[in-house]
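Below is one structure, written out as structure tokens, with a few remarks after it.
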Amino acid sequence: SVKTSRKRNYRFYDQRFYESLRSRLEQEAELRLAIERDQFVMYYQPRIDISTGMTSSMEALVRWAHPTKGLISPADFIPLAEETDVILSLGEMVIDKVCAQLADWEKAGKEPVPVSINVSSRQFNETDIAKILSASLTRHKIDARLIEIELTESSMMGDSQEVARALTAIRRMGIKLLVDDFGTGYSSLAQLQRLDFDLLKVDQAFTARLEKTKEGSVFFLAIITMAHALGMRVVAEGVETEAQAEILKALQCDELQGFYISMPLAPSDMEPFPLRRSLPLTA
Ligand code: C2E
Ligand code: MG
Ligand code: MG
Ligand code: MG
């Protein structure tokens with residue numbers, strides 16, 4: 001009867017819900033265990049200055065080196081980490097791994113190159129991020145000028161006093177502030193300048209549109225012109241082709257990042273260090 005099938009459906013959904021909840025809890029527990037067992041590794045993706053071809057900085061990108069599944073992309077675990085408190089300990093661990101890596105490079109006699117770290121808005125709202133950064137810098141004896149912080153536009157929405165205060169404290173330490181995935185949120189350039197951001201990272205979706213439509217270039221030119229007028233630099237994310245790189249150079253974009261320049265690399269694969277890539281890239 002109708003009544004039974006409805007009941008059966010109800011039970012079916014109930015069970016599915018229970019199972020998804022269970023697997024979420026299992027995944028969360030697995031993530032926590034992975035932190036305890038130190039199963040995360042950092043890859044580094046260079047950003048180059050268009051005018052010199054020199055690496056201006058490298059972005060630290062976390063990967064989960066899973067014992068049976070191999071390297072897991074942050075896209076597959078950062079969202080869950082952000083829904084739980086895991087992002088707070090994971091974020092602190094990332095900061096410490098980057099500072100330890102900078103100390104290793106220094107010990108190995110490498111030329112100092114800044115590293116940018118992706119920081120979640122929850123780290124800003126729920127932890128004393130300035131204090132965590134300064135403790136890690138002190139522990140590894142790292143100059144604050146070698147660290148940059150990437151924050152997405154959406155994490156600055158609301159423009160809370162608390163976030164503004166944390167940004168000021170970080171800025172005073174000598175750490176640069178970068179806006180990540182610019183163009184995907186709703187922040188105004190004036191607001192970003194007031195918060196003292198140094199550089200805008202324009203989202204890769206806009207880079208992908210460069211070769212396809214005229215509007216793609218128009219958008220970039222407007223951003224670059226306004227950012228420069230406000231004293232900020234611009235990097236294009238997700239540059240994959242020589243044509244995109246050439247258009248961005250003509251538009252006077254300051255820096256490039258993307259597979260065309262370099263994939264994110266494990267420290268053991270970084271030779272030469274730092275990377276230098278003058279446009280157009282040859283071999
Ligand atoms: P994101 O910060 O915008 O990082 C850029 C992402 O684009 C990276 O993916 C990078 O590998 C990828 N990418 C770089 N160049 C290209 C390109 O030319 N083409 C394409 N299609 N993709 C490119 P990844 O490493 O998978 O990271 C994804 C996102 O996960 C990051 O986006 C960032 O939001 C987050 N994430 C990564 N590491 C951390 C971390 O340590 N902490 C936090 N909170 N988030 C992180
Ligand atoms: Mg980023
Ligand atoms: Mg980005
Ligand atoms: Mg992105």
**Request:** Mind pulling the angle between the C-alpha long axis of helix 2-36 and the longest principal axis of the chain? Nearest 10 degrees, somewhere in 0 to 90.
**Result:** 50 degrees
**Item:** Charged-residue dipole, Cβ positions (Lys, Arg, Asp, Glu), segment 236-282 about Cα centre, Debye nearest 20
**Value:** 120 debye
**Message:** Assuming 0.36 nm per residue, please report the length gained on full extension of the stretch K107 to K212 beyond their Cα-Cα distance.
**Reply:** 33.2 nm
**Prompt:** Residue farthest toward the positive end of the dipole of segment 222-275, with Cβ of Lys/Arg at +1 and Asp/Glu at -1: which of L256, L230, M270?
**Reply:** L230
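Calculate the dipole size of the chain relative to its Cα centre from +1 charges on Lys and Arg beta carbons and -1 charges on Asp and Glu beta carbons; express the result in debye to the nearest 20.
Numbers: 34 positive and 41 negative charges, 155 e Å.
So the magnitude is around 740 debye.
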**Request:** Taking amide H positions as placed in the peptide plane 1.01 Å from N, state which residues far from I147 in sequence (5 or more) or on other chains have amide H under 5 Å from it.
**Result:** V115, K176
**Sparse-neighbour loop sites [trypsin sites (Lys or Arg not before Pro); segment 211-268; at most 15 other C-beta within 10 Å; DSSP]** = K212
**Asked** How far is helix 86-107 tilted off the main Cα axis of the chain, in degrees rounded to 10, range 0 to 90?
**Response** 30 degrees
**Prompt:** What accessible area, in Å² to the nearest ten, does a 1.4 Å probe give for R165?
**Reply:** 150 Å²
**Complete:** Dipole check, segment 106-157, charges on Cβ (K,R +1; D,E -1), about Cα centroid: among S154, A130, I142 the Cα furthest to the positive pole belongs to I142
**Request:** With all protein chains present, calculate the accessible area of M263 using a 1.4 Å probe and round the result to the nearest 10 Å².
**Result:** 100 Å²
**Asked** So between S160 and R172, what do we pick up on full extension, going 0.36 nm a residue minus the alpha carbon distance?
**Response** 2.5 nm
**Message:** Report the Cα centroid-to-centroid distance between segment 51-112 and segment 175-226 in angstrom, as an integer.
**Reply:** 24 Å
**Prompt:** Tell me which aspartates and glutamates have Cα within less than 12 Å of K249's Cα, excluding those fewer than 8 residues away on the same chain?
**Reply:** D49
**Message:** Just to be sure I understand the model, the point goes 7 Å from the Cα along the line to the Cβ. What's the resulting Q39 to D96 distance in nm?
**Reply:** 1.8 nm
**Request:** Run a plain Debye calculation on segment 103-155 (Cα atoms as equal point scatterers, no solvent) and give log10 I(q)/I(0) at q = 0.26 Å⁻¹, rounded to two decimals, same order as the q list.
**Result:** -1.08
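Could you please state how large a percent of the accessible area of the chain is carbon and sulfur, counting protein chains only and using a 1.4 Å probe?
53 percent
Provide the per residue accessible area, probe 1.4 Å, for the chain, rounded to a whole number of square angstrom. All intermediate terms of the calculation are to be shown ahead of the outcome.
Working: 15130 Å² over 283 residues.
Result: 53 Å² of accessible area for each residue.
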**Request:** Report D85's accessible area, 1.4 Å probe, all protein chains in place, as a number in Å² to the nearest 10.
**Result:** 90 Å²
**Message:** As a test of the definition: which semi-axes, in Å, follow for the chain when you take the square root of five times each eigenvalue of its alpha carbon gyration tensor? Largest first, please.
**Reply:** 34, 25, 21
**Message:** Placing one identical point scatterer on every Cα of segment 203-283 and ignoring solvent, what is log10 I(q)/I(0) from the Debye formula at q = 0.19, 0.22 Å⁻¹?
**Reply:** -0.83, -1.02
**Asked** Quick one: Karplus J couplings for segment 37-42, per residue in order, coefficients 6.51, -1.76, 1.60, θ = phi - 60°, nearest Hz, x for Gly and Pro?
**Response** 8, 6, 9, 9, 10, 9
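The values are calculated or read from the model by the stated rules, or taken from the named source; none is laboratory data. Just so you know, these numbers come straight off a predicted model, no measurement behind them. Positions of Cβ are generated from backbone atoms using ideal geometry, with glycine treated the same way; all protein chains shown enter the neighbour counts. Ligands, DNA and RNA are excluded from the accessible area calculation, which covers all protein heavy atoms including side chains. Shrake-Rupley method; radii C 1.70, N 1.55, O 1.52, S 1.80 Å.
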